[in-house]
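Working notes, beginning with the structure itself.
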Amino acid sequence: MFSGIDHIALFIAAGLLLNFTPGPDVLYILTHAIKSGWRAGAVAALGITAGCFVHIAAAALGVSVLIAASSTAFMALKWLGAAYLAYVGWSMLGLGKMLFGKPIATNTIAIDAIQTGASGQKSLKKVFISGFWTNALNPKVALFFLAFLPQFISPSAQHKTITFVVLGLLFNFNGLWVNFAYAALGAVIAKRLTVLQRGMLWLERTAGALFIGFGLKLALSDQTAH
């Protein structure tokens, strides 16, 4: 099964370490787990993981090579991802009122946590879809796979594309359990710390500001990755 892969133990260890590093995905999962409990956090984790498959497929098919080589393609996708992250942050801050003539739901974490005891019911479908796009629209994830995975493909591998896909699936599988762990952590925090529950409004505002920061960082990053 792992034919053509070099240093698989190192690959798994490095992948887990990278997945444990906090970023937009972790923040998204924690926010929903604290706001609505384990189930919402787990669905958010599944959405993030589903988005990651887009980048695995793109890299395997050579799309990521095009993004890295073409400043126009990279800039277009980069600004799209930056705009989406900023939109998520704007919504979490409660500043957005309308989008294309439709109201944006901006119920705060604090209200749901206090009134429902961390069992607030936000559409799980929306949680999943939003998590999917949070990951899928970040071009740095595609470039990460393009740069990271080939290091563990043996030069003697007969089917390098298949080996690439196997590495991507393994990375995503391990990352899913890390994301589930973050969802569980968020649910525990919401359930046991009443004082923290009443401060969830500020947590959501902080999370919103961080999402906007992630979007700005993405927008201001280098056009290409070397």
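The values are calculated or read from the model by the stated rules, or taken from the named source; none is laboratory data. Values in this document were obtained by computation on a predicted structure and should not be read as measured data. Methodologically, a virtual Cβ is constructed for each residue, glycine included, from the backbone with ideal geometry; neighbour enumeration extends over all protein chains shown.
When residues of segment 198-217 are filtered for being modelled with pLDDT under 70, charged (D, E, K, R) and in a helix (DSSP H, G or I), how many remain?
2
Being touching a strand residue (DSSP E or B) at 6+ places or on another chain (Cβ under 9 Å), at pLDDT below 85 and under 20 Å from Trp133 (Cβ atoms) is the requirement here; does Ile67 meet it?
Spelling it out, it is not the case that Ile67 is touching a strand residue (DSSP E or B) at 6+ places or on another chain (Cβ under 9 Å), at pLDDT below 85 and under 20 Å from Trp133 (Cβ atoms).
Looking only at residues in segment 128-156 that are surrounded by fewer than 17 Cβ atoms within 10 Å (Cβ to Cβ) and not in a helix (DSSP H, G or I), which one is nearest to the chain's Cα centre (by Cα)?
Ranking the candidates gives Ser154 first.
I need every pair where a residue in segment 32-52 that is over 20 Å from Asn174 (Cα atoms) has its Cβ under 6 Å from the Cβ of a residue that is outside any helix (DSSP H, G or I) and not charged (D, E, K, R), sequence separation at least 6 or different chains.
Pairs that qualify, where the first residue is over 20 Å from Asn174 (Cα atoms) and the partner is outside any helix (DSSP H, G or I) and not charged (D, E, K, R), are Lys35/Gly120; Ser36/Gly120; Gly37/Ala118; Gly37/Ser119.
Hey, could you check segment 1-40 for residues that are among the hydroxyl-bearing types (Ser, Thr, Tyr) and part of a loop (DSSP other than H, G, I, E, B) and say which is surrounded by the fewest Cβ atoms within 10 Å (Cβ to Cβ)?
For segment 1-40, the residue satisfying everything is Thr21.
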